[in-house]
Amino acid sequence: MNELKTGLETQEYFINMGPQHPSTHGVLRLMLTLDGEIIKNVEPHLGYIHRSIEKMCEKDQYRMIIHLTDRMDYLSCHINNEAVCLAIEKALEVEMTDRIKVIRTIIDELTRLSSHQLWWGVMGMDLGAITSFLYGFRDRELITDIFEETCGARLTMNYNIPGGLMFDIHPNFQKRTKEFITHFKKKLPEYDDLLSNNVIFKQRTQGIGYLSKEDAISYGVTGPSGRASGFSCDVRKLEPYMAYDRVDFKEILSTEGDCYARYKVRIAEMWESLSIIEQLIDNIPEGDFQVPTKKVIKLPKGEFYQRVETARGELGVYIVSEGKVSPYRVKFRSPGFSTLSAMNKMATGFKIADLVAIMSTIDLVIPDIDR
Amino acid sequence: MFKSIYNYFSDIYTAVRSLLTGMKVTGHYVFHPKEIITQQYPENRDELKMFDRFRGEVVMLHDENNEHKCTGCSACDVACPNGTIEIISDWEINEEGKKKKIIDKFVYHLQMCTMCGLCIPACPTDAIVMSEDFEHAVFDRSKLTKVLNKPGSKIMDGIK
Amino acid sequence: MNRLILKINIYDFTPLTQAIHDALSESFSPGITTLIEMVIIGIAFITLFTILGLVMVYAERKVAALFQQRLGPMRVGFFGTAQTIADAIKLLLKEPLMTKNADKFLFNLAPFFVIIASFLAIAAVPFAKGLQALDFNIGLFYIVAVSSLGVIGILLAGWSSNNKYSLIGSMRSGAQIVSYELSVGLSLLTMVVLTGTLQLSEIIESQQDGWWIFKGHIPAFIAFIVFLVASTAELNRGPFDLAEAESELTAGFHTEYSGMKFSFFFLAEFVNLFIVAAIGATVFLGGWMPFHLGNWEGFNLIMDFVPPIFWFLAKVSFIIFIIMWFKWTFPRLRIDQLLTLEWKYLLPINLVNIVVMAFIAMQGWHF
């Protein structure tokens, strides 16, 4: 506007997006510097839902840490639990049975699916298509039913324990999962009809919020958001854990790096997750669902790091142990925090409406950022 | 020139087509009301059955003689990450004249519970379980602090 | 009074209105007669607004629920029919809040602007034969002119709220309505080429032997589609609800409104939806005119048996349903795409369409 020399003096202004705003999905506060509707600068302010989980871990025993990680990225709770369990199991040098590995992998992928379904629904809602929100939840409900039957809770499941699983899978688990797969394979093309191929949706997302591969690497943007920029960062491929080395799946990569690419990568990941589950669901080996561990776990002195691929990217768990019942220090490298740091890079120069699309496609979960 | 005119109209064609596909999806559900997925919650309480593993709240099992299995060993208290369980124990002198530890009150602070389920496997005598009740809303916060052993209950014979 | 009851005829309201007019003229001077008639019509429209608001909010919620595989309101009354009444009572009891440093006068004035614009527009809507408050020779032009007055209310609301979100919303709305006004006008003009009149009652009379959307070949159909899209945009409804855009601007221009003032905006939105659907039904689908098929005398007689008011309401509901279908399917456009759609697509198509239509009308190719 300033270039237009109309004789009018215009100036930039600030606007507070959040902490209570419908499209920040939680209590994120963005300070926007705007010129008309064009974004000049985005400054995220964090800490509105900080619960000091890392500090709480320092007083808890190792078994107790796990249920706290449910509350970080609540949409990939099982994968968070697994990250801590894997770190502890690595330190204790216990070998998991095949049964545990396969069950954990299946539930990992179900968690990823349910997270992506919710993301898809919310993405549509952010862009104004409220109906997609209900459709996303409709399909997610079947997965939460599977979780509820086997793990005992719908969201914060706490199904993993160091040394295996809390219970064995429910007798109905395989049947329900297969039913879900047949149901969802029919419904997933609907997602494309409703949003992916929709001309308004394409225009709202194509070419918006570009993030180059170099930027993705330097900001540490991982997960589907990083892969959409061409950054090959799938931990499941790079450092296979659990049963990922025995299943056949593709790492979805895209080079465009815009909102539509991030969207497409997630949709393609849903198909991949379905195929991973299909490969494993009929081949759950017999065996124990728990490997015996001591009643009070003490980790040997040292530092342990484990990374896993959550629905949002790479989650790293770093435990420093002094040989006591509680860790000396725990650090979580959460995917959301790093992704949010690239927000300014992505959003500058676009409009407020685009910021909403960008925020949706990087799939923020605020408790994951704040911890 | 002709290329751009062609593109103009093909853009309109693909756009309208994509919009109509979207409308077909939503339109399908309008005319198939049987596929409605939501339920009427308080009305369907009778049919509504939670899965048996659902972690609603911690309860203590009592048999028909008003006897429970809790020895007051505090294993659940130790296993709990949030200090939800508080055991107030008492001493009882049995027939042989020996002092024996029993529970006076098994206090359960529902407001602090995260339903992680760690106390259940920790219990050596399987005295506590997770119930399937999920309607925890009350008007007074003090009602969330529950005493799990029923008044007048005592420990089952043979549980150590 | 008995005289009046005898005159009630659901197929033609002219005798009834004439009888009321005669009865009043007998005992009052012409000036007072007009005044009393105006008051009667005013009360009738206020009642209509209330009923429309209640029915249409309920319909919107139920239709939205069906699109989303939900049940919708079910608690209050049978299948939730009393839900909107409960909502209205809630809105009445709510505290009217105002932001600090808001422009009090304009803030309070804005909702009235919006609702008065709807009042003015609904006056010219022909509900059935003889049931029309204002029937003069520029009826269509009057509706198009008056219905765009509402944007002033929206601009005032956004400006006076002392809230940046509201301001952005109202500025978007201003740009939007100014652009889409053109397309609405031109698409209606396409049909005026055929009808040769702007008087709404005559437009309906000209569709005695078939509705214009069938008689006017493809150009009429294109004009109908353009009208639907452009009027959805003019209504600030999804996918063109940029002025509200709850995921971007929380609630846009009415962020700071509460209680009855908010419900005025809400009511005006639904009444405008009704008015737009009524214009569409009148111009394209024959208003209250029953569906007639060529020379099929028997079929036409059966169709004539259904009272015109029901034909009118059925057609209006059909158009409202399509506009709701748009809202519950599509994502929202961005402001620049909104203007691109208007200036690069709708307007050129409309202009070509009007030329084609003029040619058809000149050659007399329409039926």
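The values are calculated or read from the model by the stated rules, or taken from the named source; none is laboratory data. Quick caveat, the model's predicted, so the values are computed rather than measured. Note that we place each Cβ from the backbone using ideal geometry, even for glycine, and neighbour counts take in every protein chain shown. Ligands, DNA and RNA are excluded from the accessible area calculation, which covers all protein heavy atoms including side chains. Shrake-Rupley method; radii C 1.70, N 1.55, O 1.52, S 1.80 Å.
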(message) within 14 Å of chain A (Cβ to nearest Cβ), among the aromatic types (F, W, Y) and open to solvent by 40 Å² or more (accessible area, probe 1.4 Å): is that true of B:Y29 in this structure?
(response) no
(request) Kindly indicate whether any position in region C:259-280 is aromatic (F, W, Y) and within 24 Å of C:V193 (Cβ to Cβ). (result) no
(request) Only one of these is touching a Gly at 6+ places or on another chain (Cβ under 9 Å) and open to solvent by less than 40 Å² (accessible area, probe 1.4 Å): C:A23, C:A65, C:A19. Name it. (result) C:A65
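Mind listing whichever residues of region B:78-101 are within 26 Å of the chain's Cα centre (by Cα) and either closer than 26 Å to A:I53 by Cβ or acidic (D, E) (or both)?
The first filter runs over region B:78-101 and keeps only residues within 26 Å of the chain's Cα centre (by Cα), leaving B:78-88.
Within region B:78-101, B:V78, B:A79, B:C80, B:P81, B:N82, B:G83, B:T84, B:I85, B:E86 meet the criteria.
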(request) Taking B:D104 as the residue in question, decide whether it is over 25 Å from the mean Cα position of the chain (by Cα), of a type in the set (D, E) and at pLDDT below 85. (result) yes
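Specify which of the listed residues (B:E64, B:E47, B:E43) is among the acidic types (D, E) and in the same structural domain as B:H109 (by TED's automatic domain parsing).
Numbers: B:E47 fails: in the same structural domain as B:H109 (by TED's automatic domain parsing); B:E43 fails: in the same structural domain as B:H109 (by TED's automatic domain parsing).
Matching residue, one of B:E64, B:E47, B:E43: B:E64.
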(request) Look through C:A157, C:A102, C:A124 and report the one residue that is in contact with a Phe, Trp or Tyr (Cβ under 8 Å, 6 or more places away or on another chain), assigned to a loop (DSSP other than H, G, I, E, B) and in contact (Cβ under 8 Å) with a residue 40 or more places away in the chain. (result) C:A124
(message) If I filter region C:134-151 down to residues being assigned to a loop (DSSP other than H, G, I, E, B) and open to solvent by 40 Å² or more (accessible area, probe 1.4 Å), which single residue comes out as nearest to C:I46 (Cα to Cα)?
(response) C:L134
(request) Kindly provide the set of residues from region A:246-283 that are basic (K, R) and within 19 Å of A:G209 (Cβ to Cβ), ordered by number. (result) A:R262, A:K264, A:R266
(request) Report yes if some residue within region A:94-109 is surrounded by 24 or more Cβ atoms within 10 Å (Cβ to Cβ) and within 14 Å of chain C (Cβ to nearest Cβ); otherwise report no. (result) no
(request) Quick one: in region A:151-196, of everything that is open to solvent by less than 20 Å² (accessible area, probe 1.4 Å) and of a type in the set (S, T, N, Q), which residue is nearest to the other protein chains (Cβ to nearest Cβ)? (result) A:N158
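Could you check region C:295-327 and list, in sequence order, the residues that are charged (D, E, K, R) and either at positive phi or open to solvent by 30 Å² or more (accessible area, probe 1.4 Å) (or both)? Walk me through how you get there before you give the answer.
Our first condition is that a residue be charged (D, E, K, R); within region C:295-327, this holds for C:297, C:304, C:315, C:327.
Selection gives C:E297, C:D304, C:K327.
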(message) Which numbered condition in (1) crowded, with 17+ Cβ neighbours inside 10 Å; (2) modelled with pLDDT of 85 or more; (3) within 29 Å of C:V316 (Cα to Cα) is the only one that C:I51 fails?
(response) (1)
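Given the criterion farther than 17 Å from C:S148 by Cβ, charged (D, E, K, R) and open to solvent by 10 Å² or more (accessible area, probe 1.4 Å), identify the matching residue among C:E202, C:E234.
Values: C:E234 fails: farther than 17 Å from C:S148 by Cβ.
The conditions single out C:E202.
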(request) Go through (1) among the hydroxyl-bearing types (S, T, Y); (2) more than 14 Å from every other protein chain (Cβ to nearest Cβ); (3) open to solvent by 10 Å² or more (accessible area, probe 1.4 Å) one by one and return the number of the condition C:T282 breaks. (result) (3)
(message) Please go through (1) of a type in the set (S, T, N, Q); (2) part of a helix (DSSP H, G or I); (3) within 14 Å of chain A (Cβ to nearest Cβ); (4) touching a residue at least 60 places away in the same chain (Cβ under 8 Å) for C:N353 and return the number of the only condition it doesn't satisfy.
(response) (3)
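For region A:115-137, give me each residue that is of a type in the set (G, A, S) and either assigned to a helix (DSSP H, G or I) or more than 9 Å from chain C (Cβ to nearest Cβ) (or both). Reasoning before the result, please.
Of region A:115-137, the ones of a type in the set (G, A, S) are A:115, A:121, A:124, A:128-129, A:132, A:136.
Answer for region A:115-137, where residues must be of a type in the set (G, A, S) and either assigned to a helix (DSSP H, G or I) or more than 9 Å from chain C (Cβ to nearest Cβ) (or both): A:S115, A:G121, A:G124, A:S132, A:G136.
Could you identify the single residue in A:T156, A:T111 that is touching an Asp or Glu at 6+ places or on another chain (Cβ under 6 Å) and not basic (K, R)?
Working: A:T111 fails: touching an Asp or Glu at 6+ places or on another chain (Cβ under 6 Å).
Of A:T156, A:T111, the one residue that is touching an Asp or Glu at 6+ places or on another chain (Cβ under 6 Å) and not basic (K, R) is A:T156.
Of all the residues that make up region A:141-171, how many are assigned to a loop (DSSP other than H, G, I, E, B), within 14 Å of A:I103 (Cβ to Cβ) and either aliphatic (A, V, I, L, M) or without any contact (Cβ under 8 Å) to a residue 24 or more places away in the chain (or both)?
First, the residues of region A:141-171 that are assigned to a loop (DSSP other than H, G, I, E, B): A:152-159, A:162-163, A:166-171.
Next cut, within 14 Å of A:I103 (Cβ to Cβ) only: A:157, A:159, A:163, A:166-171.
Subset that is either aliphatic (A, V, I, L, M) or without any contact (Cβ under 8 Å) to a residue 24 or more places away in the chain (or both): A:157, A:166, A:169-171.
Of the residues in that region, 5 qualify.
Could you check region A:266-371 for helices (runs of 4 or more DSSP H) lying wholly inside it with 1 or more residues that are open to solvent by 20 Å² or more (accessible area, probe 1.4 Å) and farther than 30 Å from C:G169 by Cβ? Reasoning before the result, please.
Details: elements: A:335-341, A:343-347, A:352-361, A:366-370.
In region A:266-371, A:335-341 are the helices (runs of 4 or more DSSP H) which contain 1 or more residues that are open to solvent by 20 Å² or more (accessible area, probe 1.4 Å) and farther than 30 Å from C:G169 by Cβ.
Where residues in region A:77-113 are among the hydroxyl-bearing types (S, T, Y) and outside any loop (DSSP other than H, G, I, E, B), which of them is nearest to A:F304 (Cα to Cα)?
Within region A:77-113, the subset among the hydroxyl-bearing types (S, T, Y) is A:97, A:105, A:111.
Those still in the list that are outside any loop (DSSP other than H, G, I, E, B) too: A:105, A:111.
Details: A:T105: 22, A:T111: 25 Å.
The selected residue is A:T105.
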(request) Might you let me know whether region B:151-159 holds any residue that is of a type in the set (A, V, I, L, M, F, W, C), open to solvent by less than 50 Å² (accessible area, probe 1.4 Å) and touching an Asp or Glu at 6+ places or on another chain (Cβ under 6 Å)? (result) yes
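What residue, among those in region A:63-93 that are in contact with a Ser or Thr (Cβ under 8 Å, 6 or more places away or on another chain) and of a type in the set (S, T, N, Q), is farthest from the other protein chains (Cβ to nearest Cβ)? I'd like the intermediate steps shown before the answer.
Of region A:63-93, the ones in contact with a Ser or Thr (Cβ under 8 Å, 6 or more places away or on another chain) are A:67, A:70-81, A:83-84, A:91-92.
Okay, now just the ones that are also of a type in the set (S, T, N, Q), so A:76, A:80-81.
On the way: A:S76: 17, A:N80: 13, A:N81: 10 Å.
Filtering first and then ranking leaves A:S76.
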(message) So the check is Cβ under 7 Å with 6+ separation or different chains; which pairs have a first residue in region C:40-68 that's within 13 Å of C:A123 (Cβ to Cβ) and a second one that's of a type in the set (A, V, I, L, M)?
(response) C:I41/C:A133; C:F45/C:I122; C:F49/C:L267; C:F49/C:V271
(message) Filter region B:118-150 down to the residues that are touching a residue at least 40 places away in the same chain (Cβ under 8 Å), surrounded by fewer than 14 Cβ atoms within 10 Å (Cβ to Cβ) and among the charged types (D, E, K, R) and list them by number.
(response) B:D126, B:D133, B:K150
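Name the residues in region C:328-340 that are among the hydrophobic types (A, V, I, L, M, F, W, C), in a helix (DSSP H, G or I) and either at the interface with chain A (Cβ under 9 Å from one of its Cβ atoms) or free of Cβ contacts under 8 Å to residues at least 12 places away in the same chain (or both), would you?
Restricting attention to region C:328-340, the residues satisfying the condition of being among the hydrophobic types (A, V, I, L, M, F, W, C) are C:328, C:330, C:333, C:335, C:338-339.
Filter once more, keeping what is in a helix (DSSP H, G or I): C:335, C:338-339.
The answer is C:I335, and nothing else.
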(request) Return the total of residues in region A:148-193 being in contact with a Ser or Thr (Cβ under 6 Å, 6 or more places away or on another chain) and within 25 Å of B:V25 (Cβ to Cβ). (result) 1
